[in-house]
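The values are calculated or read from the model by the stated rules, or taken from the named source; none is laboratory data. From a predicted model like this one, the values you see are computed outputs, not experimental measurements. Cβ placement follows ideal geometry from the backbone for every residue including glycine, while neighbour counts extend to all protein chains displayed.
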Amino acid sequence: MSRFGKMRVDDKSQRLAGTRNLVRMLPPFNRCCKPSLFSIFQLSLGFYLILTAFQSCSVIQQSVLHYLSSQNGTAGALDYYAGYNSLAIIYGVLTVCNLFASPIVLLLTAKWSMVVGAITNVLYLASFLYVRNEVLYTASAVLGFGSSLLWVGQGNYITLVSNRANVGRNGAIVWAIFQFSLPTGGLFLYSQFLRGGGDIDPSSVRTIFIAFTCMSALGAVNFMLLKPLKSGDVSDSLLECAGEQESPSVDSVAVTSVRARISVFDETRNTLKLLGSSKMLLLCIVFLYSGMLLTFWSGVYGTCISFTSQFATPTKLLLAWNVVFVGLGETSGAFVVSLLSRKIEGFGRPPVVIFGASVNVIAFFLIFLMLPSESPMIPTEKLSYILPSDYLALLCSVLLGFGDSCWNTQIYATLGKQYAGESTQAFSLFKFVQSLAAAVTFSYSSHVLLHWQLALLTVLCFAASLAYTKVENFGVEMDVHAKPI
């Protein structure tokens, strides 16, 4: 080889070595497709196990605890509305903790934050094996703290293993797979209630919550086995995929690098600063509606079915089928969004949200016609405008789930794409506002008639649709904290 050729090879080797050293200094995000997709499926499995337990529990909680409060062994030890109160405590504590979740997640890392959150879920479900106000409410507060780490950690983890091209797909995959938890949990509940003759009995309740506790524990173990996000792994992925995907923006690299060195106080201040932006304030309307919708399908609607005695099917069996059909709606909505993710990136996200909002409003109207006003609060034999129908009730379950899925997949995609450099703060604010709305809604659900709850949901649904469309269509004109170069 000539001297000139040898110089060219040495120069090329030095440049490559310098590039590898530089990339290894970058923070862990934007992995290549294959490792990121494996991590996404493993993450989804963990949430599937945990939410099979928790979401199924939240749907039946008020009905089950209402029954137990009248039993000899627990009479006087449980409040009449212990189910609503417990959920209000969970989301109330979650609201406060979300303000401080961002720096804690950065300190523990996304993986171990999710592990801690999963363990608090195990403790909460185990508290149903010894049902007393003080035990249940304490476990609810602990779960509220753990949930802030669990959900902010999840949002951060999805962002770290995604790039701009696949963040929407990854969010939809996670949402779709862990929403299979609802059909799984619903079928399990149906088998237990069927064994009890279509009603609740103490033996079935104990079996249900032992199974839920074990499933949640398996979810915690799954999170422990997640592959940690190491800078070395990411550097190799970036080098291999440099010609195949978008490079990380200069701003997002700088922001994430500096974040590792700033204090907890600065991280909290940055979260509050992000809340002051006009774009985030508009998104807060979307988050608010998301929290109220979550409360309605996960707690209020199931209780309304359980407390309405005019259905042809025993209401506890119908309650279990409600869990199944909400899950089918959630899953089908997420898979449709995932399949159409490339087209959605082309024509925009607002049509997806508007379609989901329309589906929700149809469900609200049908529920208004079918269920009596007192059904969120007490068992009733009264009728509304039409005779309650099993099939119509389950159709509403599907519509609620499908609409909720449209909203949440697009929220995750918007935050992951527009706040890639500030994902922990953005997801902290999302869960803060969502959980605040859920806590307030659960607090008044035992006092406000169903028709007024539906009216408020409908108004907020329209407001959230307008706010989301404004953010997506006119985001360039607004202040953005993480603008890519």
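Structure notes:
- Criterion: touching a helix residue (DSSP H, G or I) at 6+ places or on another chain (Cβ under 8 Å), not small (Gly, Ala, Ser) and not in a helix (DSSP H, G or I) - qualifying residue of Arg164, Arg169: Arg164
- Applying the criterion of at least 2 residues that are modelled with pLDDT of 85 or more, at negative phi and hydroxyl-bearing (Ser, Thr, Tyr) to the helices (runs of 4 or more DSSP H) found wholly in segment 300-400 leaves 301-307.
- Being exposed (fewer than 15 other Cβ atoms within 10 Å of the Cβ) and closer than 18 Å to Ser298 by Cα is not true of Ile367.
- Per the conditions (1) hydroxyl-bearing (Ser, Thr, Tyr); (2) within 22 Å of Tyr444 (Cα to Cα); (3) touching a residue at least 24 places away in the same chain (Cβ under 8 Å), the sole criterion not satisfied by Ser384 is (3).
- Subset tally (residues that are in contact (Cβ under 8 Å) with a residue 12 or more places away in the chain and in a helix (DSSP H, G or I)) for segment 186-227: 28
- Test: Ile362 is touching a Leu at 6+ places or on another chain (Cβ under 9 Å) and surrounded by fewer than 17 Cβ atoms within 10 Å (Cβ to Cβ): yes
- Condition check for Leu143: in contact with a helix residue (DSSP H, G or I) (Cβ under 6 Å, 6 or more places away or on another chain) and farther than 29 Å from Leu339 by Cα: yes
Here's the yes/no breakdown for (1) modelled with pLDDT of 90 or more; (2) surrounded by fewer than 24 Cβ atoms within 10 Å (Cβ to Cβ); (3) farther than 19 Å from Ile411 by Cβ:
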{"residue": "Asn121", "(1), (2), (3)": "yes, no, yes"}
{"residue": "Val131", "(1), (2), (3)": "no, yes, yes"}
{"residue": "Val142", "(1), (2), (3)": "yes, yes, yes"}
{"residue": "Gly155", "(1), (2), (3)": "no, no, no"}
{"residue": "Ile173", "(1), (2), (3)": "no, yes, no"}
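- Where a residue in segment 325-342 is under 13 Å from Val398 (Cβ atoms) and its partner, wherever it lies, is outside any helix (DSSP H, G or I), with Cβ under 6 Å and at least six apart: Thr331/Phe180
- Residues that are among the β-branched types (Val, Ile, Thr) and crowded, with 24+ Cβ neighbours inside 10 Å, drawn from segment 412-442: Thr414, Thr424, Thr441
- Selection count where residues are among the hydroxyl-bearing types (Ser, Thr, Tyr), surrounded by 24 or more Cβ atoms within 10 Å (Cβ to Cβ) and more than 20 Å from Phe54 (Cα to Cα), scope segment 73-113: 1
- Residue check, Ser445 within 15 Å of the chain's Cα centre (by Cα), touching a residue at least 60 places away in the same chain (Cβ under 8 Å) and within 25 Å of Val359 (Cβ to Cβ): no
- Taken as a whole, the condition of being modelled with pLDDT under 85, within 30 Å of Val131 (Cα to Cα) and of a type in the set (Asp, Glu) does not apply to Asp233.
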